[in-house]
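Let me begin by presenting the structure, written as structure tokens, before commenting on it.
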Amino acid sequence: MSNPILVKSYTAGEAVEEGRIVCFGNADGVAVKAAAATDALIGVAYSLPAASGERLDVMIQGIADVMLGGTVARGDFITSDANGKGVKADPAAAVNCRALGVALESGASGEIIPVLLGAVIVQGEGVPA
């Protein structure tokens, strides 16, 4: 169960389902589903799905229920796949990616897990090839 602390309304720049990670759209006040680990992640679509042009509530702080697009373990940093679903932030050596927060439970693709929101930059470990 989610635990919102800060929720902000945006205009959906496309259809966005509940539990999807969102990023900034093409204008101020617009949010769309995140499509990459390098997107400027905002938060998680909260409460109800929104069609393009409708108001979209985005949880920015708190514990959000996130739909997974891959297997994650509790404690993993979470970023977005191409569909706004949560996946483990696992960039290549010396490469940065944006993470939305930390998984509080383990889960697999298609499951919904709680994620403690807190945006960070994750850098891949090791020496670049």
Euclidean distance of C-alpha centroids, the stretch 15-61 and the stretch 83-129, integer Å:
17 Å
Size of charge dipole - the stretch 3-60 - debye, nearest 20, with Cβ of Lys, Arg +1 and Asp, Glu -1, no other charges
80 debye
What nm distance separates the two modelled labels at ILE5 and ALA36, each placed 7 Å from Cα along Cα→Cβ?
3.0 nm
What nm value, rounded to one decimal, do you get for the distance between ALA108 and ALA27 when each label is placed 7 Å out toward the C-beta?
4.3 nm
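Count charges around GLU17 for me, please; just the other residues with Cβ under 13 Å from its Cβ, Lys/Arg as +1, Asp/Glu as -1.
Residues close to GLU17 contribute a combined charge of -2.
Pairs of alpha-carbon atoms within less than 8 angstrom and 6+ residues apart define the contacts here; what relative contact order does the stretch 25-129 have, in percent? Don't jump to the answer; show the numbers that get you there.
On the way: 253 pairs, mean separation 29.3, N = 105.
Answer for the stretch 25-129 is 28 percent.
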Would you look at the GNM of the chain, springs on alpha carbons closer than 10 Å, and say which of ALA34, ALA89, ALA51 moves the most?
ALA51
Using amide H atoms built in the peptide plane, which far-off residues or other-chain residues are under 5 Å from GLU111 H to H?
LEU68
Could you go through the stretch 6-20 in sequence order and give the Karplus-derived ³J(HN,Hα) for each residue, using 6.51 cos²θ - 1.76 cosθ + 1.60 with θ = phi - 60°, rounded to whole Hz, and x for Gly and Pro?
9, 10, 10, 8, 10, 9, 6, x, 6, 5, 10, 7, 4, x, 8
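In the neighborhood of GLY86, defined by Cβ-to-Cβ distances under 14 Å, what is the net charge if each Lys or Arg adds +1 and each Asp or Glu adds -1? Present the calculation step by step, with values, prior to reporting the outcome.
Working: positive: ARG20, LYS33, ARG74, LYS85, LYS88, ARG98; negative: GLU17, GLU18, ASP39, ASP65, ASP76, ASP81, ASP90, GLU105, GLU111.
Within the 14 Å Cβ shell, the charges total -3.
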Summed over the other residues with a beta carbon less than 12 angstrom from that of GLY107, with K and R at +1 and D and E at -1, the charge totals -1
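Read-outs throughout are calculated quantities, based only on the coordinates presented, and are distinct from any laboratory measurement. The model shown is predicted, which means the values in this text are computed figures rather than measured ones. As a convention, Cβ positions derive from the backbone with ideal geometry for all residues, glycine included, and neighbour counts pool all protein chains shown.
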